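Asks: Below are the structure tokens for one structure; questions will follow.
Coordinate-derived values only; no laboratory data. A quick note: this is a predicted structure, and the numbers were derived from the prediction, not measured.
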Amino acid sequence: MNFVKADDELWRLIAEGDEKAFSFVYDKYAKELYKYGRRFTGDTDLISDVLQDIFVHIWEAREKLSIQKSIKFYLFSSLRREIIKRINRSYSGESFDEFQHKMSWNESFEQVLLQNQIIFERNHKITEALESLPSRQKEAIHLRYLEEMDYEDISELMGVKITTLYNLIFTGLKTLKEKLPNRKMLIFLLLLLLGNV
């Protein structure tokens, strides 16, 4: 069944026990969620467990749950919160902030570059520029441009004020501009992030 419905309608159907609506939401977001989880940990079993737990919880609590924003925001924030909680539990001697530098945001950007068949030299320079960004800037740029979330949702998801988020993205883009002095290459990267290439 093809669902092209607003989130509130989809959520209403799920709350009423519509398995096709539930499957549609799972099929639409599971792959994106899994990729997002990989930015936090290489433990694929942990990511799969968290994903399964989130969807089981949704189905079991469907009559009581309500979504304040979008289904996508609910799923991403649930996944992020639960993975961070489990990482903190597993790495009790190391805070999540200390753990953050191990996250691999570069993969998501590299996939976009490869999907668009960019020549090696350009790909290498853009990848180097992206690698120079701190994890928080990469996550903010990833959520804003690749996941197309709005600033309010990203702010809530990452647990930062909107002004801080603006600063993260602005500083990240400024760094990219400095690292990519070739104007054409910078414009190409920005168009790529905005989905116009």
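Asks: Return the lysines within reach of Lys177: Cα separation strictly under 17 angstrom, same-chain partners fewer than 8 residues apart disregarded; answer none if there are no such residues.
Replies: Those lysines meeting the cut-off are Lys125, Lys138.
Asks: Quick one: 3J(HN,Hα) in Hz for the stretch 15-31, Karplus 6.51/-1.76/1.60 with θ = phi - 60°, rounded, Gly and Pro as x.
Replies: 4, 7, x, 6, 5, 5, 5, 5, 4, 4, 4, 4, 4, 6, 10, 4, 5
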